[in-house]
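Quick notes on the structure that follows.
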Amino acid sequence: MVQVTLSGTFQQVAGGISTLEIEAKNIRQLLNGLEKQCPELKPLLANGIAVAIDSTIYRDDWFQPIPTDSEVFIIPRLAGG
Amino acid sequence: MSGIHVSTKINGDAVEFVCDVEETLLDVLRDKLGMTGSKEGCASGDCGACSVTVDGRLTCSCLMLGAEAEGHDIGTIEGIAKGTQLHPIQQKILDHAALQCGVCTPGFVVAAKALLEKNPDPTETEVRFWLAGNLCRCTGYDKIIRAVMDAAAEMRGQ
Amino acid sequence: MARNPDADSAPAPKAVKTSTIEFDADKAKTFKVVGSRPPRPDGMDKVTGRARFGADMVMPGQLVGLILRSPHPHAVIVSIDTTAAEALSGVKSVITRDDFAENADHHDVLCNIMAREKALYEGHAIAAVAATSKAVARKALKLIKVDYQILPHVTDVDLAMAPDAPLLHADMITSGVTPAPTKPSNIAGRSEFGHGDVEAGFALADVIIERDFKTAATHQGYIEPHACVANVGADGMSELWCCTQGHFHVRQVCASLLGIDVSRLRVTASEIGGGFGGKTTVFIEPVALALSRKAGRPVKIAMSRDEVFKASGPTASSSMNVKIGVTKDGHITAGEGEFRYQGGAFAGAPADFGAMSAFACYALDNVKTVAYDVVTNRPKGAAYRAPGAPMSVYAVESVIAELAGEIGMDPIELRLKNAAREGTKSSYGPKFGSCGLVETLEAARDHPHYSAPLGPNQGRGVASGFWFNFGGETCSTLNINADGTVAIAVGTPDIGGSRAAMCIMAAEELGIPYERVRTIVADTSSLGYNDTTEGSRVTFSSGMAVIKASRKAVTEMCNRAAMIWDIPAEAVTWEDGHAKPSGANAGEFEPMSLAEIAATASKTGGPIAGHHEYNADGAGVSFGTHIVDTEVDPETGRVDILRYTVVQDAGKAIHPDYVEGQFQGGAVQGIGWALNEEYIYGEDGRLQNAGFLDYRMPVASDLPMIDTVIVEVPNPGHPYGVRGVGETGIVPPLAAIANGVSAAAGVRLTELPMSPPRVLKAIDDAKVAAQ
Amino acid sequence: MRYESPQTIEAASALLASEAGLARILAGGTDLLVQLRSGMVEPDLVVDVKNIPTMTSIVEENGGYRIGAAVSSAVMNEHADLCAMWPGVMEGADLIGSTQVQGRATMVGNLCNCGPAADSVPGMVAANAIATIVGPNGRREVPVIDIPVAPGKSTLAKGEIVESVFLPAQVKRGGDAYLRFIPRTEMDIAVVGVGVNIELDDSGVCTHARVGLGAVAIKVLLVEDAAKALIGSKLDDAALDKMAAATSAACKPINDKRGTIEFRTKVAGVLAVRAVKIALERANKRASNGGEK
């Protein structure tokens, strides 16, 4: 099980849920699990997001492994100038 | 619309062209003569990217009609290096990494050369004020000012 | 591509590839080329005027394209009559909204490049013409008749949020609010970040300061206006030359807007005359393509400076409230902020990034930030160097400075006491990995600038700042030429000297001199997809791709040597640019140089190359701390910058000159933002200062030298420890200067820019208040 | 649009007078070209006056200097004697735009555009410069202050051209100065500009003063009350305070992108005091050099 924290808009869109537990070994499984638990998030996830796994920020890089007991955050997809 | 025939000298070479009255010297250089080293950043004399010399005097080619070039000597960025030999200002800009995007660089080279011809030993303040009409948005000017000061020293033989 | 929803029950596939190479501390000790300052490969062309920028390209038979723009900030476009323009001799094509089909994937971009039902800001494109000369094109624009129904407008962020504000989009329902609002508004979205309990935190504070702040919209101010040349063939094969930070992105969006396959459009990135985020999207490119398609000839469009200000993408203006509590001994107990940003006529103001980075410098138990993304009748914003962060950090760092004064603590000491460090839970969620804020604060504190004496009417300001940095999709190829030189192609336009950095990294890996390596930015048909040059990502991610590609080429060169020596490939190592037997057991052979291996490549298996394609993750955050001395003329409110020092963590400076250049350039853009730059709108909703004359960017005589200190705390996610450096430099200056000016003027300034009338008024008001 | 480059001022005047459409004089062109580019004006005729010898020379006359209307600011500022005599006027002209702009821009162009913020005009007004105008009805001489009426509007009749500006001889103990306020150090349009010219007797009492004020009204002003506050004083603090108040009182500015009413009004007084101090220093230095430089 991975404990996932939603931040920014995601939390509100998910109806105020800030953390949830998802069975996932990589980012793809995590996103699928998220969609299942919070269907409201689907359009946001489709737009592209970032996933922080233990202080490293990834894009929606499906096969990035998520080690057990890691800290996972869903945050807005970063851009820059 | 009948054009105006203009005879002039550019970088020492006799050049003739026909331009519309409305066309600026910058338009002529870039669009008629293929000399695109002078850049249009503002077309209002506020950025200096189109700097040229007219009879040795620094000016913005966007603030001058092509027709006004008749009988005058124009100097552009294309004429500053002598063949493969860079002018000391050009070399110092490279040495000091005094450019990032480089679009303002031709204007700075032309303007700085005009300064050092008039004042071979300028203070930092004099360099900064002389170049105040050349905008650079990448470098914060620091390395450009250093390059010009260093070029001045080298040209004085120091 | 949709994910397979059934996949979640399947076992996780083996980690396919880790996208990062970890920092190699041993290698870092023996750098030969990394950290040196060789001349850049594009330098010669740039000092002689030969470099070709966006407007410098000429295609045979090229037409001039011009765009008709709305004079009104908000109006329904009832009708557009182009018949007279089309009839004018020399006009080869005229296009309007009717020439672009609806596009669900890029709806806002479509509406921005050519207005549809409504003109949403002054300068919004309405129609475009291609003609044989500029004079004809100008005449044609005047012949286009547009019937506007003028609507009330709004340009201020707070006014736009009011319930009775003129509404830009009838279908804009605020996202991020539960339950969803039933009525449309100008608030595109709300987001919230943080952790802990801020009320409980404030209860523990001895001193709480709460203030309101405002910042004006500013423009990236690149000296090169947007320019492109488009050429659409009769068979639909198209080419586009343009100045952009991301030609692959341009290709994707333009192909979509024109309804053509990506493979039919080849985009070449010209030399780019500055971007700073402002050239990460499209404005004129799809218009030029559409004109060319209709005319059957190439079309060049070059924006005027007026168009750049009115119709490209400046950054957001902001209105903010920040509240911070601190104990007497300098422990920050809670921080809270609300950040309202307007980003022009479409959603996308970087309010969320502002809210995320506002408190990023601090280790806080209780923090909460709320962001509002608001639309107004202004041009659609684009990214600008660390988008969203300078404003929010300005607000937070101003309050921090004031708190330090209140509790009588040195402001760097207060920051050090609360500084984010490795393992700190960041204000936006995840823990920080290795990072260098503490190191920059200590270096600033120990810098002679920090203890230099000040004169009358002078004040010193300090502020720290942060930017995330990111990686993204990247690939590059590296070819070993037969003469032993090396050709590298990357897909990330070079905006600050990155080609030099690529050459350095390849030379380091290959063990050959820098001069033997050349890097180009390849067009979209020559290389796989690359994300845009943004997010301070290029030296990090293209650099890592080059390192990987170099290592692949090295492996192949070792193979070739092994074949020549007739020993197993594993028995060959690469050292100092040579293949060598790995030990005594491997055999006795003279080392073979890269050039020797390259020379026989045609006989040993053909060309030798390396390439790498990946998602570059693991970009390390970058923190910086700036010190500035200012002098305020108490009689006129004029501010002079006397001395400026930038201290920033670069992870590892590949080419220190260009790292310093990024620090200096960012600081000076920040100085402009702090002191004089602003978008000034009249009551009529029109921009009053659409030119360099009154936009007032810093000129050479406004500034001192900008001192730099490069701190190097290696990024564990890069083999050389590289962090992005391009953006963080613009984050601290707004606050640093505000703190300096406030100290010099004796009154706290809370609105940017701190232009002389504003500073003088603050001084005079404070005098009145004191009496 | 036609371009003409006549050799005499009479020919230039005739061209302007006979043009039925819109005609513009092209001297330095640093304003005209910007206007052309932006489409602000679309003249039918442009008359380049840079090939007219009387308009391109600086001539000493009655101890003062006559400056041709097409003489660029850069050329003027290289004239050592002129700079020594009227440093304030020269500095005002030298502040127009960049080094590049200086190479083309002229004082008379600055004057005839009639911009209220024209940097060279307050100094000329303070020096009581006289313009020579040539038109279809011959020559006339007019004080510079009487030429601008409002932005873009002057008292020049159709076909009239300013040929030159005459700066009279500076007195033995006389000095001038021009200061402007801009947010940056260069490249801005004046938010306030003050030109001051003072004359003192041997005891240091101010016997004559003129104060020209820019960017605070529809046109450049001559502030007589400010001059009165100085005349008869030794330019002590009380006189300067009074002068500052008179200067501020004369302001009728607007709020715009460059400054507020409040700001302009206050800063006009501040700059006037600073300018008088510089002018005083110059007057004393000039006197100590026996009225030379």
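The values are calculated or read from the model by the stated rules, or taken from the named source; none is laboratory data. This is a predicted model, so every value here is computed, not measured. Counting neighbours? That spans all protein chains shown, and the Cβs are built from the backbone with ideal geometry, glycine included.
Listed values, structure above:
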| item | result |
| --- | --- |
| Flag if C:Glu683 is acidic (Asp, Glu), in contact (Cβ under 8 Å) with a residue 40 or more places away in the chain and not assigned by TED's automatic domain parsing to the domain that holds C:Leu120 | no |
| Subset of segment D:26-39 (residues that are in a loop (DSSP other than H, G, I, E, B), over 14 Å from B:Asp46 (Cβ atoms) and modelled with pLDDT of 90 or more) | D:Ala27, D:Gly28, D:Gly29 |
| Test: A:Ile17 is of a type outside the set (Lys, Arg), more than 9 Å from every other protein chain (Cβ to nearest Cβ) and within 20 Å of C:Ala180 (Cβ to Cβ) | yes |
| Residues located in segment C:737-765, provided they are out of contact with any Lys or Arg (no Cβ under 9 Å at 6 or more places or on another chain), more than 13 Å from chain D (Cβ to nearest Cβ) and assigned to a helix (DSSP H, G or I) | C:Ile737, C:Val741, C:Ala745 |
| Residue satisfying condition, being under 30 Å from C:Met303 (Cα atoms), out of contact with any His (no Cβ under 6 Å at 6 or more places or on another chain) and within 14 Å of chain B (Cβ to nearest Cβ), within set C:Asp707, C:Asp694 | C:Asp694 |
| Filter result for the condition that a residue is crowded, with 20+ Cβ neighbours inside 10 Å, of a type in the set (A, V, I, L, M, F, W, C), touching a residue at least 40 places away in the same chain (Cβ under 8 Å) and in contact with a Cys (Cβ under 8 Å, 6 or more places away or on another chain), over C:Val621, C:Val546, C:Val628, C:Val538 | C:Val621 |
| Residues that are facing another protein chain (nearest Cβ under 7 Å) and touching a Pro at 6+ places or on another chain (Cβ under 8 Å), drawn from segment C:673-691 | C:Asn676 |
| Residue ranges of helices (runs of 4 or more DSSP H) in segment C:348-448 with at least 1 members of a type in the set (Phe, Trp, Tyr) | C:351-357, C:389-407 |
| Scope segment A:16-54; condition out of contact with any helix residue (DSSP H, G or I) (no Cβ under 6 Å at 6 or more places or on another chain) and free of Cβ contacts under 8 Å to residues at least 12 places away in the same chain; matching residues | A:Gly16, A:Lys36, A:Pro39, A:Pro43, A:Ala46 |
| Qualifying residue in segment C:655-666 (condition: away from chain B (no Cβ under 13 Å) and not in a loop (DSSP other than H, G, I, E, B)) | no |
| Boolean, C:Thr533 is under 21 Å from C:Glu473 (Cα atoms) and either aliphatic (A, V, I, L, M) or outside any helix (DSSP H, G or I) (or both) | yes |
| Test: residue in segment C:710-733 that is among the acidic types (Asp, Glu), out of contact with any Phe, Trp or Tyr (no Cβ under 8 Å at 6 or more places or on another chain) and under 26 Å from C:Asp306 (Cβ atoms) | no |
| Residue among B:Lys118, B:Lys92 that is more than 12 Å from the chain's Cα centre (by Cα), over 21 Å from B:Gly34 (Cα atoms) and within 10 Å of chain D (Cβ to nearest Cβ) | B:Lys118 |
| Qualifying residue in segment D:73-87 (condition: within 12 Å of another protein chain (Cβ to nearest Cβ) and touching a Gly at 6+ places or on another chain (Cβ under 7 Å)) | yes |
| Matching residues in segment C:369-415 - criterion: being small (Gly, Ala, Ser), in contact with a helix residue (DSSP H, G or I) (Cβ under 6 Å, 6 or more places away or on another chain) and surrounded by 22 or more Cβ atoms within 10 Å (Cβ to Cβ) | C:Ala371, C:Ala386, C:Gly388, C:Ala389, C:Ser392, C:Ser398, C:Ala401 |
| Any hit, segment B:21-28, residues being assigned to a strand (DSSP E or B) and either more than 13 Å from chain C (Cβ to nearest Cβ) or closer than 24 Å to B:Glu117 by Cα (or both) | no |
| Scope segment B:32-50; condition buried (at least 20 other Cβ atoms within 10 Å of the Cβ) and more than 24 Å from C:Val699 (Cβ to Cβ); matching residues | B:Met35, B:Thr36 |
| Pair list, Cβ < 7 Å and 6+ apart or interchain, from segment B:63-85 residues that are within 11 Å of chain C (Cβ to nearest Cβ) to residues that are buried (at least 23 other Cβ atoms within 10 Å of the Cβ) and in a strand (DSSP E or B) | B:Thr76/B:Val52 |
| Residue within segment D:169-181 that is on the phi > 0 side of the Ramachandran plot and either crowded, with 24+ Cβ neighbours inside 10 Å or modelled with pLDDT under 95 (or both) present | no |
| Elements of type strands (runs of 3 or more DSSP E) contained in segment C:13-97, each with 2 or more residues being within 14 Å of chain B (Cβ to nearest Cβ) and under 22 Å from C:Glu285 (Cβ atoms) | C:63-69 |
| Residue tally, condition within 14 Å of chain B (Cβ to nearest Cβ), over 23 Å from the mean Cα position of the chain (by Cα) and not aliphatic (A, V, I, L, M), over segment C:205-257 | 0 |
| Subset of segment C:496-513 (residues that are acidic (Asp, Glu) and under 15 Å from C:Lys552 (Cβ atoms)) | C:Glu509 |
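Each row is one residue, and each column tells you yes or no for (1) of a type outside the set (A, V, I, L, M); (2) surrounded by 23 or more Cβ atoms within 10 Å (Cβ to Cβ); (3) within 25 Å of C:Pro298 (Cα to Cα).
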site: C:Val78; (1), (2), (3): no, no, no
site: C:Thr82; (1), (2), (3): yes, no, yes
site: C:Asp108; (1), (2), (3): yes, no, no
site: C:Glu117; (1), (2), (3): yes, no, no
site: C:Val129; (1), (2), (3): no, yes, yes
site: C:Lys134; (1), (2), (3): yes, no, yes
site: C:Gln149; (1), (2), (3): yes, no, no
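This table checks each residue for (1) of a type in the set (Val, Ile, Thr); (2) surrounded by fewer than 17 Cβ atoms within 10 Å (Cβ to Cβ).
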site	(1), (2)
C:Met505	no, no
C:Glu508	no, no
C:Ser542	no, no
C:Arg551	no, no
C:Ala561	no, no
C:Val572	yes, no
C:Glu596	no, no
C:Thr600	yes, yes
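Each row is one residue, and each column tells you yes or no for (1) basic (Lys, Arg); (2) more than 14 Å from chain C (Cβ to nearest Cβ); (3) closer than 21 Å to D:Cys206 by Cβ; (4) not in a loop (DSSP other than H, G, I, E, B).
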residue: D:Pro253; (1), (2), (3), (4): no, no, no, no
residue: D:Phe263; (1), (2), (3), (4): no, no, no, yes
residue: D:Gly269; (1), (2), (3), (4): no, no, yes, yes
residue: D:Ala272; (1), (2), (3), (4): no, no, yes, yes
residue: D:Lys277; (1), (2), (3), (4): yes, no, yes, yes
residue: D:Glu281; (1), (2), (3), (4): no, yes, yes, yes
residue: D:Asn284; (1), (2), (3), (4): no, yes, yes, yes
residue: D:Gly290; (1), (2), (3), (4): no, yes, yes, no
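Rundown of residues vs (1) within 29 Å of D:Arg264 (Cβ to Cβ); (2) out of contact with any Gly (no Cβ under 8 Å at 6 or more places or on another chain); (3) basic (Lys, Arg); (4) modelled with pLDDT of 95 or more, yes/no style:
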residue	(1), (2), (3), (4)
C:Gly666	no, no, no, yes
C:Gly672	yes, no, no, yes
C:Tyr679	yes, yes, no, yes
C:Gln688	yes, no, no, yes
C:Thr728	no, no, no, yes
C:Ala735	no, no, no, yes
C:Arg748	yes, yes, yes, yes
C:Pro756	yes, no, no, yes
